[in-house]
Amino acid sequence: VGIPDSNLRFRQHLNNEMAHYACDCWDAECKTTYGWVEIVGCADRSCFDLNAHAKATSTKLVAQQKLDTPITREITEVTLNKAAVGKAFKKQAGQVTEAIHNMSDEDKLKMQEQLESDTYKLVCGDDSYEITPGMVAKVARVSKTEHVREFVPSVVEPSFGIGRILYCVLECNFKVRENDEKRTWLDLPALIAPTKCSVLPLSSCEDFQPFVETLSAQLRKLGIPCKVDDSSGSIGRRYTRTDEIGIPFGITVDFDTLKFQTVTVRDRNTCTQIRVPVSETADLINKLCTAQNDLDRCQGKIPRIYFTGNRLSLSLLRFYFSLVSF
């Protein structure tokens with residue numbers, strides 16, 4: 001989109017600026033006259049949202065993946081004395097039961113070992129509960145065969161600031177002609193320029209109109225947005241106007257068009273101009289806009305052609321263009 005690599009960076013959030021829901025966050029930033037501006041934020045929300053909803057609704061929110069080959073694994077299973085747990089913890093009994101079932105195998109075995117001679121202190125967030133031997137009926141290693149894998153999906157949330165991105169694109173593409181600060185231009189890449197090409201008759205000569213209409217129709221047929229500027233200003237002023245609004249290419253219909261059926265194709269950035277047969281102009285503009293060709297490449301194989309009054313054979317001009325794979 002025309003923003004130089006040197007004006008872009010990714011910055012990781014510090015711990016003290018991380019959102020409460022994110023376990024990691026990176027910003028894409030663009031350097032402007034205002035300094036580094038965040039234009040895209042990428043937050044790793046992990047499974048924060050689903051876990052929060054599951055906790056609030058007491059509903060398991062998981063995705064399931066059917067396994068091609070069942071998996072058998074050994075797990076440690078705790079069987080609780082529900083009556084004893086309910087009598088001791090009352091409203092917190094469900095929380096205690098869930099916390100025990102969610103313990104790692106290592107912690108379950110550690111709890112079993114401690115209960116043989118003492119009580120076990122179970123920590124749940126900011127609360128702690130004393131587990132007695134009478135609350136645990138059995139701790140055993142069992143084999144469990146899984147045909148379906150359950151998991152809580154994680155979410156990466158990209159957030160795009162469209163207004164900021166557009167501002168950065170416009171600022172980074174705003175240019176000034178060398179040695180002439182009054183001549184500004186917008187260096188929008190052809191792929192994102194709203195108008196790809198201008199069609200400029202050299203004067204108000206009525207004989208130019210059929211060529212202008214033909215070229216406009218051919219461009220529209222290829223889906224190329226174009227603008228016809230047939231105002232009375234000089235061709236130089238009209239070039240400047242189209243440069244200022246970021247139109248990448250210009251087609252000029254002049255008196256040589258009437259003689260030789262060719263037009264001038266001008267590049268906004270370099271001001272390079274070449275002569276092109278009218279019948280091939282729309283196809284060339286289409287490939288210039290889709291980065292399949294560029295005028296510098298054409299310039300290397302097709303010299304600039306100036307008409308001084310001597311008739312140049314159109315067949316010779318077409319021979320030049322046959323050297324270039326448009």
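The values are calculated or read from the model by the stated rules, or taken from the named source; none is laboratory data. Just so we're clear, the structure is a prediction, and the values are computed from it rather than from any experiment. Positions of Cβ are backbone-derived with ideal geometry, glycine not excepted, and every protein chain shown enters the neighbour counts. SASA here: full protein model, heavy atoms, side chains in, ligands and nucleic acids out. Shrake-Rupley method; radii C 1.70, N 1.55, O 1.52, S 1.80 Å.
The single condition among (1) surrounded by 11 or more Cβ atoms within 10 Å (Cβ to Cβ); (2) out of contact with any Lys or Arg (no Cβ under 8 Å at 6 or more places or on another chain) that residue 154 does not meet is (2).
Of a type outside the set (Val, Ile, Thr), closer than 30 Å to residue 30 by Cβ and open to solvent by 40 Å² or more (accessible area, probe 1.4 Å): does that describe residue 49?
On the way: of a type outside the set (Val, Ile, Thr): yes; closer than 30 Å to residue 30 by Cβ: yes; open to solvent by 40 Å² or more (accessible area, probe 1.4 Å): yes.
So residue 49 fits the description; yes.
Name the residues in the stretch 245-255 that are at negative phi and in contact with a strand residue (DSSP E or B) (Cβ under 6 Å, 6 or more places away or on another chain), would you? Passing the criteria: 247, 249, 250, 251, 252, 253. In the stretch 235-277, the qualifying residues are those that are touching a residue at least 60 places away in the same chain (Cβ under 8 Å) and assigned to a helix (DSSP H, G or I), and the one that is most open to solvent (accessible area, probe 1.4 Å) is 244. Please determine, by comparing only the residues of the stretch 173-215 that are closer than 30 Å to residue 33 by Cα and free of Cβ contacts under 8 Å to residues at least 12 places away in the same chain, which one is surrounded by the most Cβ atoms within 10 Å (Cβ to Cβ). Among those that are closer than 30 Å to residue 33 by Cα and free of Cβ contacts under 8 Å to residues at least 12 places away in the same chain, it is 177.
Inside the stretch 176-187, can you point out the residues that are within 14 Å of residue 241 (Cα to Cα) and not hydroxyl-bearing (Ser, Thr, Tyr)?
Residues of the stretch 176-187 within 14 Å of residue 241 (Cα to Cα): 176-177, 182-187.
176, 177, 182, 183, 185, 186, 187, listed by residue number.
Could you list, in sequence order, all residues of the stretch 207-229 that are under 22 Å from residue 1 (Cα atoms) and assigned to a strand (DSSP E or B)? Passing the criteria: 226, 227. Every test in (1) out of contact with any helix residue (DSSP H, G or I) (no Cβ under 9 Å at 6 or more places or on another chain); (2) open to solvent by 40 Å² or more (accessible area, probe 1.4 Å); (3) assigned to a helix (DSSP H, G or I); (4) more than 30 Å from residue 23 (Cα to Cα) is passed by residue 232 save one, and that test is (3). Screening the stretch 42-117 for helices (runs of 4 or more DSSP H) wholly inside it with 3 or more residues that are at pLDDT 90 or above, out of contact with any Asp or Glu (no Cβ under 7 Å at 6 or more places or on another chain) and of a type in the set (A, V, I, L, M, F, W, C) returns the ranges 48-57.
For residue 164, the conditions (1) part of a strand (DSSP E or B); (2) open to solvent by 30 Å² or more (accessible area, probe 1.4 Å) are fulfilled apart from (1).
The residues of the stretch 9-46 that are open to solvent by 30 Å² or more (accessible area, probe 1.4 Å) and either touching a residue at least 40 places away in the same chain (Cβ under 8 Å) or within 21 Å of residue 174 (Cα to Cα) (or both), listed by number, are 9, 31, 33, 34, 36, 37, 38, 42, 44, 45, 46.
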